[in-house]
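Below: the structure, in structure tokens.
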């Protein structure tokens, strides 16, 4: 035990510095999961949310936002675990500021649940795949024709 403490005190500053650099790189690398966000037109957005049979999750976020990237990963995991349960659209608030303003998005990540073109619910903050699934089940129980 004493030798482990000796190693840490001798090299501890390097270990801490390496961990800090690693965490900062992960947080600010700008790497995103899934489709790369792009500018979306009003027509494309309207087309995406107007699905008659499947609910649509629209997540507003930004590539530089760590909770947004975590939610993107959770949405990807949700999609793999629940194929066909919902369509997913990711909107970058920096590329689509008018769309974000239309839905009063002031904090990110901000997710909306659409069904047949209408907002059913919204959720501010990050979610994991299980929370997304629970959210859908809880909110869509009122709509018997949804999957």
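Each value in this text was obtained by applying a stated rule to the coordinates, not by laboratory testing. Being a predicted model, the structure only gives us computed values, none of them experimental. Cβ placement follows ideal geometry from the backbone for every residue including glycine, while neighbour counts extend to all protein chains displayed.
Quick look at the numbers
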quantity: Top-ranked residue in segment 80-93 [being in contact (Cβ under 8 Å) with a residue 24 or more places away in the chain and within 15 Å of the chain's Cα centre (by Cα); ranked as farthest from residue 43 (Cα to Cα)]; calculated: 86
quantity: Identity of the residue in segment 83-103, in a loop (DSSP other than H, G, I, E, B) and out of contact with any strand residue (DSSP E or B) (no Cβ under 9 Å at 6 or more places or on another chain), that ends up farthest from residue 127 (Cα to Cα); calculated: 95
quantity: Residue selected from segment 104-126 under the condition buried (at least 19 other Cβ atoms within 10 Å of the Cβ) and touching a strand residue (DSSP E or B) at 6+ places or on another chain (Cβ under 7 Å), by the criterion nearest to residue 43 (Cα to Cα); calculated: 114
